[in-house]
Amino acid sequence: MSPELPIRPGIALTPFQEGDQHHLVLYLNDQQVQENTANIPTPYTHKDADEWLAHVQQMFLERGAHFELAIRHEQHGLIGGIGCFMRTGLEGHRDEIGYWLAAPFRGQGIMPAAVSAYCQWLFSMRPNLARIEAKVYTHNEASCRVLEKNGFQKEGLMRKATKKNDRLIDTWLWAKIR
């Protein structure tokens, strides 16, 4: 199944596709994206983009649906991404989401709308899913606001929970319950 979830006029969540490499490289090399994500290579190269698209396709074949989605603007193409980690498997009760948005599109309410649409879709697609988590570095206040607007509750501080660039980072644990 390949969803196309409208989140506002002209912007939708869609599967990643061949041809997204240019925008992935352009936007994922942004310093703020790099500082606020755990798993995006630095620097982000065309090889990384090709590997990501191959990974997304492999996950689709294994799961039967696209759970890693592009945030796509009708005029500007790929502007961000959102996905889940399947921490407890497709039939599991708990999962974790992650997301990013290109700098020119921040502060316009796009990410709160994307998280809302994605979480609603996740709950509808996965009947056993009872809990969606998000882990946010304590310095990333914008992401905390996105989650708060979507009914996530801050559950606690995970001290030195993430290692990035040989530095230990404190991380907030947020959760939304079905």
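The values are calculated or read from the model by the stated rules, or taken from the named source; none is laboratory data. Keep in mind the model is a prediction, meaning the values are calculated, not measured. As a convention, Cβ positions derive from the backbone with ideal geometry for all residues, glycine included, and neighbour counts pool all protein chains shown.
Taking the listed residues Met111, Met86, the one that is touching a strand residue (DSSP E or B) at 6+ places or on another chain (Cβ under 9 Å) and assigned to a loop (DSSP other than H, G, I, E, B) is Met86, with no other qualifying.
For the criterion of being at pLDDT 95 or above, within 16 Å of the chain's Cα centre (by Cα) and under 25 Å from His73 (Cβ atoms), Leu101 passes. Please work out which residue is farthest from Phe123 (Cα to Cα), limiting yourself to segment 155-178 and to residues that are charged (D, E, K, R) and surrounded by 14 or more Cβ atoms within 10 Å (Cβ to Cβ). Residue satisfying both the conditions and the ranking: Lys164.
The single residue among Gln32, Gln21, Gln58 that is of a type outside the set (Phe, Trp, Tyr) and in contact (Cβ under 8 Å) with a residue 60 or more places away in the chain turns out to be Gln32. Restricted to segment 63-83, and to residues there that are over 9 Å from the mean Cα position of the chain (by Cα) and outside any strand (DSSP E or B), the residue that is surrounded by the fewest Cβ atoms within 10 Å (Cβ to Cβ) is Gln75. Does Ser116 count as under 30 Å from His76 (Cα atoms), at pLDDT 95 or above, over 17 Å from the mean Cα position of the chain (by Cα) and surrounded by fewer than 18 Cβ atoms within 10 Å (Cβ to Cβ)? The answer is no for Ser116. Restricting attention to segment 115-127, the residues that are more than 14 Å from Phe67 (Cβ to Cβ) and assigned to a loop (DSSP other than H, G, I, E, B) add up to 1. Note on segment 6-17: residues that are in a loop (DSSP other than H, G, I, E, B) and either out of contact with any helix residue (DSSP H, G or I) (no Cβ under 6 Å at 6 or more places or on another chain) or among the β-branched types (Val, Ile, Thr) (or both) amount to 3. Is there a residue being touching a strand residue (DSSP E or B) at 6+ places or on another chain (Cβ under 6 Å), farther than 30 Å from Trp172 by Cβ and modelled with pLDDT under 95 anywhere in segment 42-65? For segment 42-65, residues touching a strand residue (DSSP E or B) at 6+ places or on another chain (Cβ under 6 Å), farther than 30 Å from Trp172 by Cβ and modelled with pLDDT under 95: absent.
Of all residues in segment 101-116, those that are on the phi < 0 side of the Ramachandran plot have Cβ atoms under 6 Å from Cβ atoms of residues that are in a loop (DSSP other than H, G, I, E, B), 6 or more apart or on another chain, in Ala103/Asp30; Val115/Asn150; Ser116/Asn150. Please count how many residues of segment 18-46 are part of a helix (DSSP H, G or I) and either polar (S, T, N, Q) or surrounded by fewer than 18 Cβ atoms within 10 Å (Cβ to Cβ) (or both). Total meeting the criteria: 10. Of all residues in segment 133-154, those satisfying the criterion of being farther than 19 Å from Ile7 by Cα, touching a strand residue (DSSP E or B) at 6+ places or on another chain (Cβ under 6 Å) and surrounded by 15 or more Cβ atoms within 10 Å (Cβ to Cβ) are Glu133, Ala134, Lys135, Val136, Tyr137, Cys144.
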